[in-house]
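So the structure is just underneath, and the comments pick up after that.
Just so you know, all these numbers are worked out from the coordinates, no wet-lab data involved. Since the structure is predicted, the reported quantities are computational estimates derived from the model, not experimental observations. Quick reminder, even Gly has a Cβ in these numbers, built from the backbone with ideal geometry, and neighbours come from all protein chains shown.
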Amino acid sequence: MESVIVKSPWQCASSRTLESRELGSLPVNRTGNLLALSSSSCACAPICSPTQRNNLGTFPRRRVMPVVRAEVSQETATRVSSMTIPSLQKAWYYEEYGSAKDVLKFGEVPVPEVQPDQVLIKVHAAALNPVDFKRRLGKFKASDSPLPTVPGYDVSGVIVKVGSKVTSFKEGDSVYADVSEHALDGPKQWGSIAQYTAVEEKLLGLMPKNLSFAEAASLPLAIETALEGLERANLKEGQTILVLAGAGGVGSLAVQIAKHVFGASLVAATASTSKLELLKQLGADIAIDYTKQKYEDLPERYDVVFDAVGECEKAVKVVKEGGSVVALTGAVTPPGFRFVVTSKGESLSKLKPYLESGKIKPVIDPKGPFGFDSVIDAFTYLETGRATGKVVIAPIE
Ligand SMILES: NC(=O)c1ccc[n+]([C@@H]2O[C@H](COP(=O)([O-])OP(=O)(O)OC[C@H]3O[C@@H](n4cnc5c(N)ncnc54)[C@H](OP(=O)(O)O)[C@@H]3O)[C@@H](O)[C@H]2O)c1
């Protein structure tokens with residue numbers, strides 16, 4: 001019987017192989033052989049000594065990775081967790097600020113030392129966020145960590161080493177995290193687009209049991225931003241909200257959290273034409289096509305506006321008297337306010353039941369997951385500003 005691997009914006013939790021007769025009614029892409037095939041060339045300029053390099057195998061410049069391999073089960077990963085930890089690892093890094101194709105290199109870097117309050121994660125998947133490219137372009141130079149930098153905030157993987165002060169996690173645990181407590185102020189020099197990354201215990205969450213590594217990696221920074229933004233906006237049960245960019249990485253989670261965690265009575269969201277159906281699937285009551293309608297010209301007023309676009313000046317026009325406008329980016333117009341997310345494991349713990357019950361679903365852009373050799377392609381795609389949900393890198397082996 002014919003089998004195909006189904007990938008959709010929903011990335012079904014089990015990522016199981018469906019038989020062709022099951023596909024009839026599903027709103028998904030169909031491909032029997034969906035591949036993450038790099039069109040970029042790796043700039044393998046190592047930043048370690050030739051002797052160190054000789055101790056490592058070389059990374060193939062091009063690898064064809066069937067997507068199904070991104071969906072290694074948590075059980076399988078646990079069995080291979082007690083591996084020998086090398087001193088060097090394969091990673092993407094940059095030594096100067098600039099465009100992805102100009103500065104990103106693939107090579108060997110040290111495996112980070114584990115501090116007493118940290119664990120070392122064998123990375124299985126990572127995800128990109130706009131802050132990764134803004135940072136790589138040098139927009140946060142003044143508060144950035146030193147170069148060279150391994151980019152990447154979002155990670156999922158298995159703990160292979162625990163620091164002496166870690167109490168709540170152990171080797172073999174499948175975990176996920178935004179690895180940098182403060183996204184702009186001293187973010188981690190050795191991020192998640194690597195085979196290993198070291199993360200503080202307080203930033204970690206145990207992976208929801210129903211999620212694959214690719215799905216889990218898609219969540220931390222975006223879901224924590226959505227939750228913190230809605231908390232700061234003081235959204236209350238029964239209130240109404242407009243989410244600008246409801247199909248993006250943060251917006252797709254803000255729509256779901258507003259509805260299912262905060263109990264909003266009405267969720268409106270904006271996107272371009274082809275993404276309106278997704279907004280409905282996410283739980284939006286009203287899907288506004290921003291290419292055809294100006295939400296600021298519509299009569300509806302909202303208790304909260306969640307601005308993931310950077311158009312606070314327009315957003316404040318549609319908030320009710322006494323309501324809140326929370327802005328993630330761009331200039332702020334009063335009464336709007338802006339904040340920068342703080343990574344917290346407790347946010348992941350709070351949302352775990354909603355993820356495990358399927359009330360909140362990860363949304364992975366259907367162009368991905370991108371292979372570990374296709375990180376330049378993944379960045380280039382994210383930087384178009386047109387991603388649907390999250391741009392994920394998986395598998396990372
Ligand atoms: N302050 C913080 O702590 C924080 C945290 C996370 C993110 N951010 C910032 O928040 C912004 C959004 O992040 P993200 O991860 O969600 O980005 P993203 O996933 O790259 O956003 C892409 C989405 O934006 C939509 N979009 C673009 N212009 C739009 C418009 N005018 N109206 C409606 N939708 C529009 C696109 O939909 P279409 O293709 O349909 O246009 C696409 O789906 C970024 O600037 C990011 O740096 C800030």
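Miscellaneous remarks
- Extended-chain gain in nm, criterion 0.36 nm per residue less alpha-carbon gap, Ser87 and Thr273: 62.1 nm
- Near Val114, no amide H atom lies under 5 Å from its own; only residues 5 or more places off or on other chains count, and H is placed 1.01 Å from N.
- For the range 222-338, the gyration tensor built on C-alpha atoms gives a rounded shape. Its axis ratio a/c (a ≥ b ≥ c) stays under 1.5.
- Förster radius 30 Å - calculated FRET efficiency between Lys202 and Lys280 (Cβ-Cβ, nearest 0.05): 0.25
- Cβ-defined net charge surrounding Gln195, 12 Å radius [Lys, Arg +1; Asp, Glu -1]: 0
- Summed residue charge, Cβ within 10 Å of Ile121's Cβ, Lys/Arg positive, Asp/Glu negative: +1
- Close amide H partners of Val243, meaning residues 5 or more places away or on another chain with modelled amide H under 5 Å apart, are Ala268, Ala269, Thr270, Phe306.
- The slack in the chain from Asp102 to Arg232, taken as 0.36 nm per residue of separation less the alpha-carbon distance, amounts to 43.0 nm.
- Between the amide H of Arg338 and those of Ala327, distances stay under 5 Å, these residues lying 5 or more places away or on another chain, with hydrogens modeled in the peptide plane.
- Charged side chains reduced to their Cβ positions (Lys and Arg at +1, Asp and Glu at -1) give the range 242-357 a dipole of some 180 debye around its Cα centre.
- Taking only Cα atoms of the range 134-246, radius of gyration then Dmax in Å: 16.0, 48
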